[in-house]
1. Counting only residues that are in contact (Cβ under 8 Å) with a residue 24 or more places away in the chain and hydroxyl-bearing (Ser, Thr, Tyr), which one in the range 57-87 is nearest to Gln103 (Cα to Cα)?
2. Based on this model, can you work out whether Phe113 counts as crowded, with 16+ Cβ neighbours inside 10 Å, free of Cβ contacts under 8 Å to residues at least 60 places away in the same chain, farther than 19 Å from Pro40 by Cβ and not charged (D, E, K, R)?
3. Are any of the residues in the range 74-94 crowded, with 19+ Cβ neighbours inside 10 Å and farther than 23 Å from Arg177 by Cα?
4. Would the range 7-25 turn up any residue that is at pLDDT 90 or above and either part of a helix (DSSP H, G or I) or more than 25 Å from Phe117 (Cβ to Cβ) (or both)?
5. So which residues in the range 128-145 are out of contact with any Ser or Thr (no Cβ under 8 Å at 6 or more places or on another chain), farther than 17 Å from Ser41 by Cα and in contact (Cβ under 8 Å) with a residue 40 or more places away in the chain, if there are any at all?
6. Of all residues in the range 112-137, which are under 20 Å from Thr34 (Cα atoms) and not aromatic (Phe, Trp, Tyr)?
7. How many residues does the range 157-177 contain that are of a type in the set (Asp, Glu) and either in contact (Cβ under 8 Å) with a residue 24 or more places away in the chain or under 15 Å from Tyr35 (Cβ atoms) (or both)?
8. Please report, ordered by residue number, the strands (runs of 3 or more DSSP E) entirely within the range 30-110 with at least 1 residues that are β-branched (Val, Ile, Thr) and within 20 Å of Phe141 (Cα to Cα).
Amino acid sequence: MTKQSRARRAALLSLILCLTVGTAAAQTQRTAHTYALDNPSERPAATLDDVAWLVGSWEGEAFGGHFEEVWNPPSAGSMVGMFKTLEGDTVGFYELLLLVEEQGSLSLKVKHFSRDFVAWEDKEDFVDFRFIRAESDAIHFSGISFYRIDDDEMHGYVAMRGEDKIYEEKLIYRRRR
């Protein structure tokens, strides 16, 4: 594993810690583009129709490199996605993504894997981004937001923790044709 890969993995593991420790008010702004959800039992109503514009094949820039992400259409109360970062001609890491309707709302569940497909989280664990709200051109989960620029571009922002401060990582998505 390269030094850059270790740094990215450390940053993402810090993100997991950031999202599972500490609280804020129900819809408090965490960074310039992300929000925190304090009370998971007070989840706003949502369905996959609210996030269906994510469907498709995307590519873009983030974490100092390139990435690819694919979302399948909603079916059976869920959408499945795949994400991978690229460091030149090699994979940095993978994510399996699950958008699921539960408790009358949505959750974005993420499991991370090394380039050798070794899970970062324990077998039963994953990062759970709980739905906060949808706007006409934005979707907000606790710690991650997606902003639709147009039908072929969106920007994602992930709240990260580093050196005792919270910052955001920007992902620029372009639809693949």
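The values are calculated or read from the model by the stated rules, or taken from the named source; none is laboratory data. These numbers were taken from a predicted model, which means no experiment stands behind them. With ideal geometry, Cβ positions are generated from the backbone for all residues, glycine too; neighbour counts draw on all protein chains shown.
1. Result: Ser78.
2. Working: crowded, with 16+ Cβ neighbours inside 10 Å: yes; free of Cβ contacts under 8 Å to residues at least 60 places away in the same chain: yes; farther than 19 Å from Pro40 by Cβ: yes; not charged (D, E, K, R): yes.
Yes, satisfied.
3. Yes - at least one qualifying residue is present in the range 74-94.
4. Taking the range 7-25 first, the residues at pLDDT 90 or above are none.
No, there is no match, as no residue in the range 7-25 is at pLDDT 90 or above and either part of a helix (DSSP H, G or I) or more than 25 Å from Phe117 (Cβ to Cβ) (or both).
5. The one that is out of contact with any Ser or Thr (no Cβ under 8 Å at 6 or more places or on another chain), farther than 17 Å from Ser41 by Cα and in contact (Cβ under 8 Å) with a residue 40 or more places away in the chain: Ala134.
6. Result: Val127, Asp128, Arg130, Ile132, Arg133, Ala134, Glu135, Ser136, Asp137.
7. In the first step, residues of the range 157-177 are kept if they are of a type in the set (Asp, Glu); the result is 163-164, 168-169.
Okay, now just the ones that are also either in contact (Cβ under 8 Å) with a residue 24 or more places away in the chain or under 15 Å from Tyr35 (Cβ atoms) (or both), so 168-169.
Residues in the range 157-177 being of a type in the set (Asp, Glu) and either in contact (Cβ under 8 Å) with a residue 24 or more places away in the chain or under 15 Å from Tyr35 (Cβ atoms) (or both): 2 in total.
8. Working: elements: 56-62, 65-71, 78-87, 90-102.
Counting at least 1 such residues, we get 65-71, 78-87, 90-102.
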